[in-house]
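The values are calculated or read from the model by the stated rules, or taken from the named source; none is laboratory data. This is a predicted model, so every value here is computed, not measured. Positions of Cβ are generated from backbone atoms using ideal geometry, with glycine treated the same way; all protein chains shown enter the neighbour counts. Areas reflect the complete protein model, heavy atoms only, side chains present, ligands, DNA and RNA absent. Shrake-Rupley method; radii C 1.70, N 1.55, O 1.52, S 1.80 Å.
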Amino acid sequence: MIKERQQENSGILKKIFDTFTKSGRARTISSLAVIAIATLAITVPFADQAFSIDGPETLYYAQRQIDQPFAQDLTDHFNNRGILYDSFIETHPKLLPIYLSLVIRVTGEPSEIPIHLSLIIFPFIGATAMFFLGRRFRVSGLAAALLFLASPMLMVNAHTEMVDVPGTSLLIAAIAVFISAVDRRNGWLLALSTPLMIAASQTFFQSLIVLPVALAYLIINRRFQLRYFIPIVCTGLFFGAYLLAIMTVYGQLPRFSYRTRLNTIQPASLLVHIRGDLTVLGGTLLMPLVAIAGFFIRWTIALVFVAASMMTWSWSVVKYSLGEYSLSETVLLSIMLPTGIAITYLVLERFGTALFRGESRNSRVGRDTIFLAVWFFGVLAYVMFLLPYPSPRYLLPAAPASILFLLAFWREHIRRVWLRFGLTGAAVALTLVLAGLLSLTAYNTANDGKRAAEWAVENYGDKDNPWYNGTFGFGFYLNRAGFRITPGVENELYARTMKPFPLEEPKPGDYIVYSVRNGAWVPYPSVMQRLRGDDVLLLYNNDLFFFPCSGTENCWWLSVFLPYDFRPGGKLSDQIMAWRIDETPNPLSEEQKELYRKVGITWIDEMSEK
């Protein structure tokens, strides 16, 4: 009797399990659990990372929301060139600062761990959306989500306070829900896609690409019913109303393009920008060697990669022999750039096939290919024309389309499931290792800025009028400690204040601390002439990698752009200098005069020096 009852119970449990499994819910829930664990694994270990890069500006806006909710400007604010603004309006809308202000209300002031823990929700949202997009485009949803989380583009930036990861995550979620709504003809999902599109566009302006991408999906799939256009129209009207409100209240519009360091109208400059974008794409989308291995399953992609490698190696070796490239730059560029070229060719080739072959264009696979290509090249276009330099965070919105393309390519050309599973698993594991090492480098680099600020506070915080010259986390922590910012001479060229000139500056007897890596502007000559060295702090790098363009001579517009470079431990990573302002000025050296000429101060040669 007992045995029969046990068999009956087990039969009932089996039926329940079979029903649950057949519905796909068990697999979905287990996959989402894996995604949640993976999200925590890539973020929690870095939760105490110091504030850095442009993150402090986000925090300034968050603090502003506490005193004046929905404010879009910072009053009496120095930008990262030492220029004072009576009312500083940054590029992006302020949804993220509003969200972070809720955390700051609880903690009392910006604190690393609470801020970073509150941001974990965004990578999870993005990865979850990638899971459903993967299933929609007939690849492994879990693989798509894990590759997105492991990508250095995502993982390194997930530990900062900047808008890129939250904005991109909301962008992916909006696209995933909108596509699902259109495919299923589901009004509820369509309604949900509207606030998601609005939230994405109110997080960072690059998310406005959701409008042409969503429109492209409707056109490609010939869905012209009026109701499908409602989320697009509502988002556009909301953003238009936002711009009108900004113009009405502040008398100016946000910048939709950062100040460019290259003129992308000129062909030579545009080619340099494209080269940098493709290098970043090849070096930070996945572990480059994994992508390369995936290319060799089809001879045309392999041929493109080999041809690009031969040209890049030849060019890099010449640069190396001339002393313009280091050995690591030569090797890394010759791997990253051909990888980025091959990825772009893969997208372009599949796009061309789907567009110009009738049988492909009319198939679901063909339409999906065209859609993903529009997404990919749309992001690439605005990065080239609206953003100042190639960066992994700028290209992050292209990562979902790129990952889906690669997974679809592997699914199509690798018939054996175990081999495809092995390649995908290796891609996730090796990419995670690379992203982890780069995240550790970013972690230590950010903490160096905080260490430098703590050293300055310990040694000069008790002085009557301590000043600083520097940006990012270094400047943020000194500002919070009561140090005052040294005005930049570029105020004379780009005045954004009604305050009388010259602006208040350090006086004889005051001290200034300056970070070589985080320093950004040239002070007035009256300050420069009186600088006398007082002390120096040297910080060394103990990581496998380092990030060029952080105060080094290797910035991409001068030689070669790499998102990261090899730099074994023990190398100097920053130099913190402390100066005392003397009573007696000295004549400016020719080297100091050149600094003024570079920023456009032409009257420096006419200035009488005493």
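Bridging of LYS598 to aspartates and glutamates at a Cα separation below 12 Å is possible for GLU490, once same-chain residues fewer than 8 apart are set aside. Checking (1) 126, 75, 57; (2) 99, 58, 56; (3) 80, 49, 45 against the coordinates, the calculated Cα extents along the principal axes in Å falls under label (2).
Each residue of the range 463-472 was assigned a 3J(HN,Hα) from its phi angle through the Karplus curve 6.51 cos²θ - 1.76 cosθ + 1.60 (θ = phi - 60°); the sequence is 6, 5, 9, x, 10, 9, 10, x, 10, 6 Hz, with glycine and proline shown as x. Rg over Rh for the range 42-250 works out to 1.00, using Cα positions for both radii and the Kirkwood form for Rh. Using the alpha-carbon positions of the range 409-453, Rg (one decimal) and Dmax (whole number) come out as 17.7, 56 Å. Note that the range 297-309 has calculated 3J(HN,Hα) couplings of 7, 9, 5, 5, 5, 4, 5, 4, 4, 4, 4, 5, 5 Hz, one per residue in order, obtained from phi through the Karplus relation 6.51 cos²θ - 1.76 cosθ + 1.60 (θ = phi - 60°); glycine and proline are x. Along each principal axis, taking the top coordinate minus the bottom one, the Cα set of the range 344-438 gives 44, 41, 17 Å in descending order. Put the Cα centre of the range 181-224 next to the Cα centre of the range 285-317 and the gap is 35 Å. Straight-line cross-link partners of LYS450 among the aspartates and glutamates, defined as a Cα under 19 Å from its Cα and at least 8 positions apart when in the same chain: ASP48, ASP54, GLU57, GLU109, GLU112, GLU161, GLU458, ASP462, ASP535, ASP543, ASP574. Per the Debye formula with a single identical scatterer at each Cα and no solvent contribution, what log10 I(q)/I(0) holds for the range 267-413 at q = 0.18, 0.21 Å⁻¹? Summing over Cα pairs of the range 267-413 leads to -1.08, -1.36.
What is the sum of charges around LEU478, taking Lys and Arg as +1, Asp and Glu as -1, for the other residues whose C-beta is under 11 Å from the C-beta of LEU478? So the surrounding residues net to +2.
Residues in the range 116-132 carry Karplus couplings, in order, of 6, 5, 5, 8, 4, 4, 6, x, 5, 4, x, 5, 5, 4, 5, 4, 6 Hz; the curve used is 6.51 cos²θ - 1.76 cosθ + 1.60 with θ = phi - 60°, and Gly or Pro positions show x. Near ARG484, the amide H atoms lying under 5 Å from its own belong to TRP467, TYR468; only residues 5 or more places off or on other chains count, and H is placed 1.01 Å from N. Residues with amide H under 5 Å of ARG567's amide H, sequence separation 5 or more or different chain, H placed in the peptide plane at 1.01 Å from N; which? Result for ARG567 returns PHE545, PHE546. The reciprocal of the average 1/r between distinct C-alpha atoms defines the Kirkwood hydrodynamic radius, which for the range 441-609 equals 17.2 Å. In the chain, the longest principal axis of the Cα atoms and the axis of helix 164-184 are about 20 degrees apart. Taking only protein heavy atoms and a 1.4 Å probe, the accessible area of the chain is 63% carbon and sulfur.
Dividing the convex hull volume of the alpha-carbon atoms in the range 295-340 by its residue count gives 51 Å³ per residue. The antiparallel fraction among DSSP beta bridges confined to the chain stands at about 75%. Heavy-atom accessible area, probed at 1.4 angstrom with all protein chains present, ranks GLU112, GLU583, GLU590 as GLU583, GLU590, GLU112, highest first. If you wrap the tightest convex hull around every Cα atom of the range 268-344 and split its volume per residue, you get 85 Å³. Entry note, the range 267-413: relative contact order of 30 percent, from Cα contacts under 8 Å with a spacing of 6+ residues.
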